[in-house]
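Chemist: Before I ask anything, let me first share the structure, which is written out below as structure tokens.
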Amino acid sequence: MVNQSAIFNPRTALDSHHITLYLQRWVGAGDTQSRNEAYDLIYNHLYEIATRILNRERGAHRIQAEELVSEVFIRLNSGKLPQVCNRQHFYSICALTMRRIIIDMARRCRCEAQGGNYILVSIHESIPQRSTKAIDILIFDEALKRLAEIDEELGHLVELRVFLGMTLDEIADVQGVSLRKVKDNWKFAKHWLGRELA
């Protein structure tokens, strides 16, 4: 069940200003000092996001929140960062990177155990399912990929809503679209996924 409290609670105005400034310098100019400063300011918040995501899964080969945050920064530093619109957008990039790390881990578990180990994810309560509200994360990932093939924006919306627990208002802000459009898209996406997962 999605935590109803918003993930992206604002910090102090000073920290918010500094985080935005450091992110712009890091992403825009590749300034490693700004990257380090940003890391120091946002580590605790990323740790909270990592903990919240990991609490939604159960199964074999669990990773610790500290390891997950470290792996996120390794992946972000090893590749080209997408253009960051704002601090909230950056947090969503980090959180979705965490999801991909966990999905990669689930695939490795499946190969090593020849199908014996599963990582389950709790699904949003408004998505209809036949029984349990936990499903094999790889099955859900495949359904999400099929949805993204229909409409990439829909796939991104579900990631933000199901995995991160973002509100529809927050998603509208991150995606740069109207709240009405997000509500319509969410209505379509949850019914589509309910049918696919039934």
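Chemist: Tell me, what is the FRET efficiency for Tyr47 and Ile139 to the nearest 0.05, using R0 = 30 angstrom and their Cβ-Cβ distance as r? Please list the in-between numbers first.
Modeler: Numbers: r = 28 Å, r/R0 = 0.94.
That gives a FRET efficiency of 0.60.
Chemist: Excluding same-chain residues fewer than 8 positions from Lys183, which aspartates and glutamates have a Cα within less than 12 Å of its Cα?
Modeler: Reachable aspartates and glutamates: Asp169, Glu170.
Where a number appears in this text, it was derived from the coordinates with a stated rule and is not lab data. On a predicted model such as this, the values are computed, not experimentally measured, just so you know. Please note: Cβ atoms are built from the backbone with ideal geometry, for glycine as well, and neighbour counts cover all protein chains shown.
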